[in-house]
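First the structure, in the form of structure tokens, and then the observations on it.
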Amino acid sequence: MNAMHRLRTEVFHASQQEMARIAGVNQSTISKWESGAQIPLSTALGKIRDYAKRRYPKWQDSWLFEGP
């Protein structure tokens with residue numbers, strides 16, 4: 001399980017479709033991130049970070065890369 005999958009399931013408790021909406025990408029892109037076939041662009045990571053900082057006061061940017 002990679003960091004993006006853990007972030008989606010353990011922190012956001014979101015489906016791939018919900019995570020795609022947060023990141024501004026489509027569901028297949030989330031699947032590719034989680035399988036390691038693609039890495040997220042900085043724009044998508046920025047959207048995820050902005051969402052997380054609004055929702056989770058204890059957010060740590062390292063979770064984007066290392067998982068929670």
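Annotations
- Those aspartates and glutamates that a straight Cα-Cα span of less than 17 Å connects to residue 58, excepting residues fewer than 8 apart in one chain: 10, 50, 66
- In the chain, the C-alpha radius of gyration followed by the widest Cα-Cα span (Dmax) gives 10.5, 31 angstrom.
- Trypsin sites (Lys or Arg not before Pro) restricted to the range 5-64 and DSSP loop, no more than 14 other C-beta within 10 Å: 58
- Computed from Cα atoms, the angle from the helix 42-55 axis to the main principal axis of the chain rounds to 40 degrees.
Taken together, the values in this text are just the output of simple stated rules run on the coordinates, not laboratory data. Bear in mind that the values here come from a model prediction, so they are computed numbers and not experimental data. For neighbour counting, all protein chains shown are included, and Cβ atoms are generated from backbone atoms with ideal geometry for every residue, glycine included.
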